[in-house]
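The structure appears below as structure tokens.
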Amino acid sequence: MDNEVKLPGAKSLQQVVGALLFGSDHPLTAEEIRTCLKNVAKEDTTEDATVKLFGSLPLKEIKEALDAMQKQLKGLNIGFELQSTSSGYRFQTEPAAGRWVRNLLKMDRPNRLSHPALETLAIVAYRQPIAKSEIEGIRGVDTGHILKTLMELHLVRIVGRSELPGRPFLYGTTATFLDHFGLSTLKELNDLDPTLQRSKPSERKALHTKKKKEPEETAETEQPPAEGETTPAEPAPVPEEEPLEETDDIETDAPVTSVRNDNALQEILGEEDEEEEEFDEEDDEDEFDDEDEEDDEDEE
């Protein structure tokens, strides 16, 4: 006689996924649910076809089952819902029933963010990464103490430093911020209010990135010659002329005949000078003779 009790098998994938989410102590991702289904299929010894089928399901079908559960619970209005957050899927009570849940659990009234804190948090969420000076430029007041409070609540964190002068800190939101407001990604902020749209992260980073100076003159790149074309030969370098040294005797490449002609010309000029000198001497003698004759006549 067989004393083993046979448990009823799961009828649908949603039934198994819902049980996993309800029994988990933390939000589950679709990948974690898929891993659990695979492990159970490997350890199964009953050769249950349903278990084998669930273990072989692709990730896409598990996500479709989660989306279907979200729509069904939302339409039932039974006080809780399936919420997708940045860390995974989880069941949570609806905000409309919050006061009765707090009274049941003997919980104090939750701390509410002040209006200036909400303004600052919204600016960080929609304009991150953002510097403290930019937040103060939008609000017009000092926000140092508000940012400190938001960081203590793990809603805001420092995500880096700007490359602008002074290198101020840049602020952004945390995963706790997404979980607190029931968001899976920051892109869902655009769906909350169509009039408010997030700044593009690339544009925000560009504002805090130091621009590199472009060189004034860019080097020309040599392009390879096309097929069939030959590159022109480079001209030979022209040797530099050496400066002439100052010397007493200057060597010339003039022919010897020119030198001889010059010597002959100098001899002719020299003879003419001698003849002129002779003529001058004769004139002087004639002048002296004339003067002597005049003196003799005067004496007589």
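The values are calculated or read from the model by the stated rules, or taken from the named source; none is laboratory data. Just so you know, these numbers come straight off a predicted model, no measurement behind them. We place every Cβ from the backbone using ideal geometry, glycine too, and count neighbours over all the protein chains shown. All accessible areas refer to the heavy atoms of the entire protein, side chains included, with ligands and DNA or RNA removed. Shrake-Rupley method; radii C 1.70, N 1.55, O 1.52, S 1.80 Å.
Which one of A131, A96 is in contact (Cβ under 8 Å) with a residue 40 or more places away in the chain and not acidic (D, E)?
Of A131, A96, the one residue that is in contact (Cβ under 8 Å) with a residue 40 or more places away in the chain and not acidic (D, E) is A131.
Which one is modelled with the highest pLDDT, of the residues in the stretch 52-83 that are touching a helix residue (DSSP H, G or I) at 6+ places or on another chain (Cβ under 6 Å) and open to solvent by 90 Å² or more (accessible area, probe 1.4 Å)?
K63
Looking at R102, R112 in this structure, which one is surrounded by 13 or more Cβ atoms within 10 Å (Cβ to Cβ) and either within 27 Å of H208 (Cβ to Cβ) or of a type in the set (K, R) (or both)?
The match here is R102.
Quick one: count up the residues across the stretch 42-51 that are within 18 Å of A30 (Cα to Cα) and open to solvent by 60 Å² or more (accessible area, probe 1.4 Å).
Residues that pass the stated criteria total 0.
Can you work out which of the residues in the stretch 133-173 that are in a helix (DSSP H, G or I) and under 19 Å from S202 (Cα atoms) is most open to solvent (accessible area, probe 1.4 Å)?
E134
Looking at the stretch 174-191, which of the residues that are part of a loop (DSSP other than H, G, I, E, B), surrounded by 14 or more Cβ atoms within 10 Å (Cβ to Cβ) and on the phi < 0 side of the Ramachandran plot is modelled with the highest pLDDT?
Within the stretch 174-191, the match that is modelled with the highest pLDDT is T174.
Which of (1) assigned to a helix (DSSP H, G or I); (2) over 43 Å from the mean Cα position of the chain (by Cα) is the odd one out, the single condition P116 does not satisfy?
For P116, the failing item is (2).
Can we say K6 is basic (K, R) and at pLDDT below 90?
Taking the combined requirement at face value, the residue satisfies it.
Scan (1) within 22 Å of T185 (Cβ to Cβ); (2) of a type outside the set (K, R); (3) modelled with pLDDT under 90 for the single condition T45 breaks and write down its number.
Unmet condition: (1).
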